[in-house]
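**Q** Questions regarding the structure given below will be posed in turn.
Throughout, read-outs are computed from the coordinates displayed, never taken from laboratory work. Model, not experiment: these values are computed from the prediction. FYI the Cβ positions are ideal-geometry reconstructions off the backbone, even for glycines, and counts take in every protein chain you see.
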Amino acid sequence: MGILYSSTRNDEKKITASQAILKGLADDGGLFVPDHIPELTCSLRDLAGRTYQEVAYEVMRLFLTDFTEAELRSCIAQAYDSKFDTEVIAPIVEAEGTYYMELFHGATIAFKDMALSILPHLMITAAKKNQVKNEIVILTATSGDTGKAALAGFAGVEGTKIIVFYPKNGVSPIQEKQMVTQKGDNTLVVGIHGNFDDAQSGVKALFNDRKLAEEMAAAGLQFSSANSINIGRLIPQIVYYVYGYVKLLEEDKLAEGERMNVVVPTGNFGNILAAFYAKQMGVPIGKLICASNENKVLYDFFTTGKYDRNREFVLTSSPSMDILISSNLERLIYRITGEDAGKNAELMNSLLQTGVYEITEQMREQLGDFYGSFASEEETAVRIREMYENTGYILDTHTAVASAVYRKYVADTKDEAVTLIASTASPFKFTRNVMNAIDSNYNTMSDFELVDELSRIGNVDVPNAITEIRTAPVVHDIVCDKTEMKETVKKFLGVDA
Ligand SMILES: *Cc1c(COP(=O)(O)O)cnc(C)c1O
């Protein structure tokens, strides 16, 4: 049976997977969800020994039911290729008796590559299937990681263009350099005078601009989205939780059917939601441990049942988790309302109007799979140093939050089940904070000196993504005011003003 998708805020209208990928966000502002979560059709034991690409096919075909086998296999082959620096795509490293699944071996060394290397292929396939003749223009606002991963994914992809807006003074130097050196005629990177929220609101305004949409259509263009609310990003992320379990099974680290806990450093709630879906598909996952940094809105939610974004936004050393509105949580809320779109829409409206919503006792009872906690800046730094001193393994700041939270979980519950920690970024992407955590004397070195020192003390090669940007020329130097975003887009696209 084919799976259809509907909005979390109004589930009357059902559309196919390819249509949901093309649209990104539903017209009513809701997120697309599948009408049910399919069960895996082959046993995990049968998947042992298969490649990442083969496991990806077995998982994704169950969700993307309007894609043909040939289409899906071709998307997978083009995504998970030599852009990754290891054939296994997501290697697992054991440290202190826990398994770290390294999701940062793609082109931009953050886990966003796991989904953004396939999304462009899914999207152009979806466009063909639905007889979309227009060129697809991806519009993205980023605070750092998504922008570069989306650029790398869409650069040079025929039938697409990509425009990324980032806050000129709101990203790390390495993140900025990665973006402004992006090659490809179909790419545009623009810094804006303003913060991430300004970039995000500006992009939303462009999406909702009817007149612009008409002008675009006349020029054979249409907008789409590459951010984590697109179901085309969520589904590829389920794959590595299935794959992770299968690998541990293969290596006898797990017995068949044995429970495995999962720890995920969380911001927008996309990655951990994918683990939840993997559990629904039949992977024996025990607890889903949701790790937050000092922006601990999710910890508060799991412990009180109240979601409250009215608080100070903290800039931390794990910037990709600095977020107060975790968009993908909406998919979980929809589910625990008993798939009541009306009720979910009410809660989301309350979030929009007041910044707060509270779930019922009955809804809370369904969150038993989740455990939420957080790590302070100090705890995160200490964790990086301790791990390095104990094992020589160097964690990035986001993964260190997860590792610190995992320790709290074990101390709190005495649960010693086999545990897989999602390792979401290479330490080379957050070199300064990582090296300072190990030894504060490193503070005097330049960014690239720190890169070499990290490579030396951690005994790991400098990733290509870093080597590339050392000498790469800046090709994007446009900076505009937030009021000039529309003109900048029209100029790039050649749409008459
Ligand atoms: C995006 C990101 C996260 C958060 O993932 P979500 O799916 O948004 O919860 C964590 N770590 C890194 C390095 C990221 O880039």
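**Q** How about the stretch 47-125: which GluC sites (Glu not before Pro) there lie in a loop by DSSP and see at most 13 other Cβ atoms within 10 Å?
**A** Numbers: sites: 54, 58, 69, 71, 87, 94, 96, 102; in loops: 87, 96.
Filter output for the stretch 47-125: 87, 96.
**Q** For the stretch 162-251, taking Cα atoms only, what is the radius of gyration to one decimal and the Dmax to the nearest whole Å?
**A** Over the stretch 162-251's Cα set, Rg and Dmax evaluate to 17.9, 57 Å.
**Q** Moving on to the next point. Sequence neighbours fewer than 8 away in the same chain don't count; with that in mind, list the aspartates and glutamates whose C-alpha is under 20 Å from residue 168.
**A** Partners within reach: 145, 176, 197, 198, 322, 447, 477, 481, 484, 487.
**Q** Averaged across orientations, what area in nm² does the convex hull of the alpha carbons in the chain project?
**A** Taking a quarter of the hull surface, the average projection is 21.9 nm².
**Q** Let me see the P(r) profile for the stretch 1-154: every Cα-Cα distance counted, bins of 10 Å, each bin given as a percent of all pairs.
**A** The calculated distribution, bin by bin, is 10, 32, 39, 17, 2, 0.
**Q** For the stretch 71-218, rounded, prolate or oblate, judged on the Cα gyration tensor with a ≥ b ≥ c (square roots of eigenvalues), a/c < 1.5 rounded, else prolate if a/b > b/c?
**A** Oblate.
**Q** What is the sum of charges, Lys and Arg at +1 and Asp and Glu at -1, for the other residues whose Cβ falls under 12 Å from the Cβ of residue 475?
**A** Within the 12 Å Cβ shell, the charges total 0.
**Q** Taking each pair of different alpha-carbon atoms in the stretch 335-464 once, compute 1/r for the pair, average those values, and report the inverse of that mean as the Kirkwood hydrodynamic radius in Å to one decimal.
**A** One decimal place: 17.6 Å for the Kirkwood radius.
**Q** Going through the stretch 285-360, which GluC sites (Glu not before Pro) have at most 11 other Cβ atoms within 10 Å and a DSSP loop state?
**A** Values: sites: 294, 312, 330, 339, 346, 358; in loops: 294, 312, 339.
Those that pass, being in a loop and sparsely packed, are 312.
**Q** In deg cm²/dmol and to the nearest 500, what is the mean residue ellipticity at 222 nm of the chain if only DSSP H runs of at least 4 residues count, each as -39500 (n - 2.57), divided by the residue total?
**A** About -13500 deg cm²/dmol.
**Q** If the cut-off is 13 Å between C-alpha atoms, which aspartates and glutamates fall inside it for residue 306, apart from same-chain ones fewer than 8 positions away?
**A** Filter leaves 358, 361.
**Q** Right, another one. Of the trypsin sites (Lys or Arg not before Pro) in the stretch 308-348, which ones lie in a loop per DSSP and count no more than 14 other C-beta atoms within 10 Å?
**A** 311
**Q** Now a separate question. May I ask for log10 I(q)/I(0) of the stretch 331-404 at q = 0.21, 0.25 Å⁻¹, from a Debye sum over the Cα atoms as equal point scatterers with solvent left out?
**A** -0.84, -1.02
**Q** Less than 11 Å Cβ to Cβ from residue 53, Lys/Arg counted +1 and Asp/Glu -1: what total charge do the surrounding residues give? Mind showing how you got there, number by number?
**A** On the way: positive: 50, 73; negative: 54, 58, 81, 87.
Surrounding charge for residue 53 is -2.
**Q** Could you name the lysines whose alpha carbon sits less than 17 Å from that of residue 204, not counting residues in the same chain fewer than 8 places away?
**A** Residue 204 reaches 23, 482, 486, 490.
**Q** Another question, then. Can you give the local net charge around residue 16? Use residues other than it whose beta-carbon is closer than 10 angstrom to its beta-carbon, Lys and Arg +1, Asp and Glu -1. Write down the numbers at each step before the final one.
**A** Working: positive: 14, 129; negative: 66.
Once positives and negatives cancel, what remains is +1.
**Q** In this model, which of 161/247; 129/491; 13/133; 177/491 are farther than 27 Å apart at the alpha-carbon?
**A** Those over the limit are 161/247; 129/491.
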